[in-house]
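Reading through the structure tokens given below for one structure.
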There are 2 protein chains.
Amino acid sequence: MRQSLLFTKTKKEISKEEESVNARLLIKAGFIDKIMAGVFTFLPLGLIVLKKIENIIRQEMNKLGAQEILMPALQPKEIWQKTNRWQIMDDLYKLKDRQGREIALGPTHEEVITPLMKKFISTYRDLPCFVYQIQNKFRQELRAKAGLLRGKEFIMKDLYSFHADEEDLDKFYQKVIESYFKIFERLGIREKTFLTYAAGGSFSKYSHEFQTITPAGEDTIYICQKCQLAINKEIKEETPSCPNCQGTDFSQERAIEVGNIFKLGKKFSQSFDLSFFDREGNKKLVVMGCYGIGLNRLLGTIVEVNYDEKGIVWPKEVAPFLVHLLVLGKEKEVLAKGEEIYQKLKEKKVEVLYDDRKDKSSGEKLVESDLLGLPLRLVVSKRTLEKKGIGLKLRREKEEKIIAEKDLAKYLF
Amino acid sequence: MRQSLLFTKTKKEISKEEESVNARLLIKAGFIDKIMAGVFTFLPLGLIVLKKIENIIRQEMNKLGAQEILMPALQPKEIWQKTNRWQIMDDLYKLKDRQGREIALGPTHEEVITPLMKKFISTYRDLPCFVYQIQNKFRQELRAKAGLLRGKEFIMKDLYSFHADEEDLDKFYQKVIESYFKIFERLGIREKTFLTYAAGGSFSKYSHEFQTITPAGEDTIYICQKCQLAINKEIKEETPSCPNCQGTDFSQERAIEVGNIFKLGKKFSQSFDLSFFDREGNKKLVVMGCYGIGLNRLLGTIVEVNYDEKGIVWPKEVAPFLVHLLVLGKEKEVLAKGEEIYQKLKEKKVEVLYDDRKDKSSGEKLVESDLLGLPLRLVVSKRTLEKKGIGLKLRREKEEKIIAEKDLAKYLF
């Protein structure tokens, strides 16, 4: 895309009230805009990144054999009373319509999916079954100061699984763990992400979280130096040794929760009487699991672990474009060569942002390019033409090198 | 996809309270589920259709040069007070958070996009500019009885345009009209859709709607027999002749509004002081237009104008799959041939739903196939194998014919 057509612009200064790195960088670079604490607009570049994250997650969910649906945000009070959560969830947004009917704005969807599945599950032949959505959640968040890390409205992937017994749930649960690590790998945060033991529920001793190490994190985790699994603070306080390998040597880190998986057991199937007939004709309650990933938070986390003093450093798979092509200077040959390379990259289906703006100095363009943080920068200028080449610099590296045009393919296609 | 893996099932009976054709058929066929009046879940097949509609609209918006963003549903009271709509919009959902702060659930986004664009528009060089989103809207709907035609929560594409003057707005407005007709063409409802004159606002005499003729429609329109433009009831009551060609011969029809375009003029740019410096350095207010299409309603409308007594008849571009492949009978050769054709279609990237279910009779499969309404049905059975072919039937036609396997390509690839 031509940068001259992009309606957003980078900002020189942003409000001092933005404390978090992710919000400061994303607002400054024109990826997002804040409308109030914890509520954001995704601008064109930010939306491209969000959609890339969404597609990676969708692909991995589909590989698990999960089927995608889309549930609503508006939910009747009655289903929330069935599980008692109308009263006890502090962060539930409640509203009243013109007819006086009370409605919840969904913070999660167990109360919707469980009665929904009751319409389709009747015997063991209908199990197991895996259903997910990528949809907006609403939560009353008191400390919404961490940019995209903690929002009042955010997009979440929530997967629910339905099983005949706990053994089957356990098997699928392991598969989801692998799937989540694959997702974090593709998003460029795998190395810093740990599976942690967290507080369980009435059904299982532990739930699990995926925590990514960053100074911006609001949680503290303890990484077992023996097996590289981690435990959350609440577990550490209870037990001095690793629940996995019994190791006792831990490193303490600040981290942000990027995923949460939970064996729900029969908690919700009991509330809604979601049951099935087994092979012997006995009626049994369905065993459930749930698995969440917040997309906005992921986007914020990716920035928190991928930036330097000049700006964002996008991992390849989620960068809004792979290449940032800059023409520096106003010489005819320079502009013509820039245009030629832009067309060539487009023909080859390379994702490219082309800084063809005429009202920006070379210095401004280079500074902005670092701020936007696309993985690969190509520069066409009088200097590069004299050297019969193109300037190529990886965002992660310091040095630019001049390469011959015919060698572009090596780096790009 | 294999139908045996699809977790949804068709229903024999559905609640009598569903009055609308679209809700009855879509619920019966397992495309959607109702959680309360005007609020629905999209099940896997319904979500595929919704995404196809979304992609068609996105493609046409991008052709207009519009840039996609994503604005939030949660909106502070203050911006709604600026335009006075906090008080006067009856269908605005309002809520109060734990800190007592009042929030609107966005029924539309002029109040968000106008102050947003103020951050990016400063001179004539920033104009014109076209920005859209495909996002959830919330409206308190008293008569939510028409299935997807009238919802409390629904996905809408809303496009906003920003211009230096009214002439430029007029030009773009015409382009959007063409773009909308292109969308309705691709969605299979073009023939029944008319551009109508509707009540304007303070800025322009008329706004325009796109109305699709169907007995399920809640509006009455008058189609000019001379120029094929139409006028809404409120206009007909004011003026006896066509505003376009002055014709006076009209046919009266029931119709549903599937799109609305509106010249906002300076109404919102005034409220938020969205202005720019022109070539001469004078400060002027930006001229705006807005252009909406409700996706849920479109989906409902497509069904209302494309069904018969047996079920839905999906237009090709929005059908969840192009082909419904059925194996009838349990003979080994039949199952093997079905599997072979399924693999072949998948290799050729043909979108195919494969009814490989073993617990359904041939009669049940055929009835369900008509209900689901995919454009092209292929049948493999003992009968077709004896005739050395495959049964092929278009959903829109009555007769099945037997074709040779090698001729499949003619119909599909």
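Under the condition of being touching a residue at least 40 places away in the same chain (Cβ under 8 Å) and under 26 Å from A:VAL318 (Cβ atoms), the residues counted in the stretch A:348-369 number 12. Scanning the stretch A:321-341 for residues that are in a helix (DSSP H, G or I) and crowded, with 18+ Cβ neighbours inside 10 Å returns A:VAL334, A:LYS337, A:GLY338, A:ILE341. Residues in the stretch A:99-125 that are in contact with a Phe, Trp or Tyr (Cβ under 7 Å, 6 or more places away or on another chain), closer than 19 Å to B:ILE32 by Cα, within 9 Å of another protein chain (Cβ to nearest Cβ) and outside any loop (DSSP other than H, G, I, E, B): 3 in all. Just one of the listed residues (B:LYS34, B:LYS28, B:LYS82) is more than 11 Å from chain A (Cβ to nearest Cβ), in contact with a strand residue (DSSP E or B) (Cβ under 9 Å, 6 or more places away or on another chain), farther than 20 Å from B:ASP158 by Cα and in contact (Cβ under 8 Å) with a residue 12 or more places away in the chain, and it is B:LYS28. Taking A:LEU374 as the residue in question, decide whether it is assigned to a loop (DSSP other than H, G, I, E, B), surrounded by 20 or more Cβ atoms within 10 Å (Cβ to Cβ) and among the hydrophobic types (A, V, I, L, M, F, W, C). Yes, satisfied.
When restricted to residues that are more than 16 Å from B:SER369 (Cα to Cα) and either within 12 Å of another protein chain (Cβ to nearest Cβ) or free of Cβ contacts under 8 Å to residues at least 60 places away in the same chain (or both), the stretch B:8-25 contains 5.
Within the stretch A:342-361, is there a residue that is in a loop (DSSP other than H, G, I, E, B), of a type in the set (A, V, I, L, M, F, W, C) and more than 14 Å from every other protein chain (Cβ to nearest Cβ)? Yes: the stretch A:342-361 contains one or more residues that are in a loop (DSSP other than H, G, I, E, B), of a type in the set (A, V, I, L, M, F, W, C) and more than 14 Å from every other protein chain (Cβ to nearest Cβ). Out of the residues in the stretch B:51-76 that are over 26 Å from B:THR41 (Cα atoms) and among the small types (Gly, Ala, Ser), state the one that is farthest from the other protein chains (Cβ to nearest Cβ). Looking at the filtered set, the residue picked out is B:ALA66. Answer yes or no as to whether B:SER4 is more than 10 Å from every other protein chain (Cβ to nearest Cβ), hydroxyl-bearing (Ser, Thr, Tyr) and either surrounded by fewer than 21 Cβ atoms within 10 Å (Cβ to Cβ) or assigned to a loop (DSSP other than H, G, I, E, B) (or both). No; evaluated as a whole, the condition is false for this residue. Taken together, A:LYS77, A:LYS63 contain a single residue that is surrounded by fewer than 20 Cβ atoms within 10 Å (Cβ to Cβ), within 30 Å of A:GLN270 (Cβ to Cβ) and assigned by TED's automatic domain parsing to the domain that holds A:GLY292, which is A:LYS77. Scan the stretch B:258-265 and tell me whether some residue there is in the same structural domain as B:LYS175 (by TED's automatic domain parsing), of a type in the set (Lys, Arg), crowded, with 20+ Cβ neighbours inside 10 Å and under 27 Å from the mean Cα position of the chain (by Cα). Yes, there is a match, as at least one residue in the stretch B:258-265 is in the same structural domain as B:LYS175 (by TED's automatic domain parsing), of a type in the set (Lys, Arg), crowded, with 20+ Cβ neighbours inside 10 Å and under 27 Å from the mean Cα position of the chain (by Cα). Taking the criterion of being charged (D, E, K, R) and either buried (at least 22 other Cβ atoms within 10 Å of the Cβ) or more than 16 Å from the chain's Cα centre (by Cα) (or both), the residues of the stretch B:7-52 that qualify are B:LYS9, B:LYS11, B:LYS12, B:GLU13, B:LYS16, B:GLU17, B:GLU18, B:GLU19, B:ARG24, B:LYS28, B:ASP33, B:LYS34. Just one of the numbered conditions (1) buried (at least 18 other Cβ atoms within 10 Å of the Cβ); (2) in a strand (DSSP E or B) is not true of B:LYS284: (1).
Inside the stretch A:83-98, residues that are part of a helix (DSSP H, G or I) and surrounded by fewer than 17 Cβ atoms within 10 Å (Cβ to Cβ) make up a count of 2.
Just so you know, in the stretch B:126-152 the residues that are in contact with a helix residue (DSSP H, G or I) (Cβ under 6 Å, 6 or more places away or on another chain), of a type outside the set (Val, Ile, Thr) and in contact (Cβ under 8 Å) with a residue 60 or more places away in the chain include one that is farthest from the other protein chains (Cβ to nearest Cβ), and it is B:LEU149. Selection of the stretch B:227-273 for residues being without any contact (Cβ under 8 Å) to a residue 60 or more places away in the chain and on the phi > 0 side of the Ramachandran plot yields B:GLN228, B:GLN246. Please tell me if A:LEU47 is under 24 Å from B:GLU102 (Cα atoms) and within 11 Å of chain B (Cβ to nearest Cβ). Taking the combined requirement at face value, the residue does not satisfy it.
The values are calculated or read from the model by the stated rules, or taken from the named source; none is laboratory data. Note that the structure is predicted; figures quoted are calculated from it, not measured. Don't worry about glycine lacking a Cβ; one is built from the backbone with ideal geometry, like all the others, and counts go over all protein chains shown.
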